[in-house]
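What follows is a set of notes on a single structure, which appears directly below.
The values are calculated or read from the model by the stated rules, or taken from the named source; none is laboratory data. Keep in mind the model is a prediction, meaning the values are calculated, not measured. In this analysis, Cβ positions are derived from the backbone assuming ideal geometry, glycine residues included, and neighbour counts consider all displayed protein chains. SASA here: full protein model, heavy atoms, side chains in, ligands and nucleic acids out. Shrake-Rupley method; radii C 1.70, N 1.55, O 1.52, S 1.80 Å.
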Amino acid sequence: MDVHERYMSRCLQLARHALGHAAPNPMVGAVLVHEGRIIGEGWHRYCGGAHAEVECLGNVAPEDRHLIPNATLYVSLEPCAHHGRTPPCADRILQEGIRHVVVACRDPFPLVDGRGIDRLREAGVQVTCGVLESKAKATNARFFLLNTAPRPYIILKWAQSSDGMVAGPGGKPRRISSPSTDRLVHLWRSQESGIFVGSGTAGIDDPRLTARIPGGRNPLRVVVDRHLSLPRSLRLFDGVAPTLVCNLHRDGEEGNVAYARLADAPDLLPGLLDILHRRQVQSLLVEGGVQWLQSFLVSGLWDEARVITATHTRIPGGLPAPVASWQGGPDRTLRSGDDRIDFHTHPRMYG
Ligand code: AOF
Ligand code: ZN
């Protein structure tokens, strides 16, 4: 790893602090280096907050401020050039008199898309691009997808017994994963913008779909309920977190339950993803049921799958897990209590 890569790696580490907080914005980190010493660091903490560059510059100690024009600014995404919720970072960089900026990757957001880099170069700033580019893109896979594809980043998740069952006979709910895995799943929930279940799972399991860990941010709860037949007594409607009911009949809002109308089609998945994309839902954790998971898998509309296998539990005669052809083993495996968690990435992501 060369010097540029080392500082960029730090930028990415800072950026990841914002997982679950920056969406639909990207996660971005910035580091300011003067003669081998970091004099400022920062990251974009939440959507609507200051951008990473501004955070970083704001964290430079008063006695180091005079060093800024001779320092190199590292940032994991191209500095913006537009007036959004905050003023353009490219302008701020010029005001500070910085002469060298190292960027990991271009910002695909249509209002930026190269303009930040151009503005800096036109003003005589040396801009080095592409340092740890693929790592930076992978870190912001959700943001890149939001700006380049008409759907959210999709993570499939299910828990199965060692003999491949996700529920008891007849679909009767069963606790399958270990308590430590359950806490991890709550962390995963807090990291994504939306969480999805079909109406069968909503009705039978009556899940809360909230992130019950300290400081956990609740995702938008999304359910498909074609004919609005789910009872209001379900926890999904408890008002604790916002819920979106995709259905065939109506649009509208009641408290923090929103309704979005789906076009009636044999396959509701494209319409569902379109609604979520239009609402800027950057990522979706799909928790069930089996039929929906299968339909995401069959259509290839997924980016990651996290499969929890309870290695000591068997459920004879249970409800079989989705059938997946992974094209190779998992990219990562984790042990959690009595469980094994296999992480699969869609083959397209390696491209
Ligand atoms: C940067 N540094 O740290 C981030 C950037 O609504 P706003 O003003 O927050 O702008 C959001 C857009 O700005 C977002 O879509 C992306 O293009 C860029 N994010 N840019 O220079 C940052 N978070
Ligand atoms: Zn910016």
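A few points about this structure:
- Of residues in region 266-288 being touching a residue at least 40 places away in the same chain (Cβ under 8 Å) and assigned to a helix (DSSP H, G or I), the one farthest from Gly200 (Cα to Cα): His277
- If you go through region 318-347 and keep only what is open to solvent by 60 Å² or more (accessible area, probe 1.4 Å), touching a residue at least 24 places away in the same chain (Cβ under 8 Å), closer than 25 Å to Ser295 by Cα and in a loop (DSSP other than H, G, I, E, B), you end up with just Val323.
- Those strands (runs of 3 or more DSSP E) lying entirely in region 212-265 with at least 3 residues within 25 Å of the chain's Cα centre (by Cα): 220-224, 243-247, 257-261
- Scan region 280-305 for residues that are surrounded by fewer than 19 Cβ atoms within 10 Å (Cβ to Cβ) and among the hydroxyl-bearing types (Ser, Thr, Tyr) and the total you get is 2.
- Restricting attention to region 81-102 and to residues that are in a loop (DSSP other than H, G, I, E, B) and surrounded by 18 or more Cβ atoms within 10 Å (Cβ to Cβ), the residue that is nearest to ligand 2 (Cβ to nearest atom) turns out to be Pro88.
- Residues in region 113-157 that are of a type in the set (Ser, Thr, Tyr) and at pLDDT 95 or above: Thr128, Ser134, Thr139, Tyr153.
- Of the residues making up region 162-191, those that are in a loop (DSSP other than H, G, I, E, B) and either in contact with a Lys or Arg (Cβ under 8 Å, 6 or more places away or on another chain) or among the hydrophobic types (A, V, I, L, M, F, W, C) (or both) are Ser162, Asp163, Gly168, Ile176.
- Scanning region 137-149 finds one or more residues that are within 14 Å of ligand 1 (Cβ to nearest atom), within 30 Å of Leu297 (Cβ to Cβ) and exposed (fewer than 14 other Cβ atoms within 10 Å of the Cβ).
- The test for being closer than 21 Å to Tyr46 by Cβ and surrounded by 15 or more Cβ atoms within 10 Å (Cβ to Cβ) does not hold for Gly215.
Residue by residue, here is whether (1) open to solvent by 30 Å² or more (accessible area, probe 1.4 Å); (2) free of Cβ contacts under 8 Å to residues at least 24 places away in the same chain; (3) at positive phi holds:
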| position | (1), (2), (3) |
| --- | --- |
| Arg175 | yes, yes, no |
| Asp182 | yes, yes, no |
| Leu187 | yes, no, no |
| Glu192 | no, no, no |
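- Taking the numbered list (1) over 18 Å from the mean Cα position of the chain (by Cα); (2) within 8 Å of ligand 1 (Cβ to nearest atom); (3) farther than 24 Å from Arg217 by Cα in turn, Leu77 passes all entries but (1).
- Looking only at residues in region 103-115 that are near ligand 1 (Cβ under 9 Å from one of its atoms) and open to solvent by less than 30 Å² (accessible area, probe 1.4 Å), the one that is farthest from the chain's Cα centre (by Cα) is Val112.
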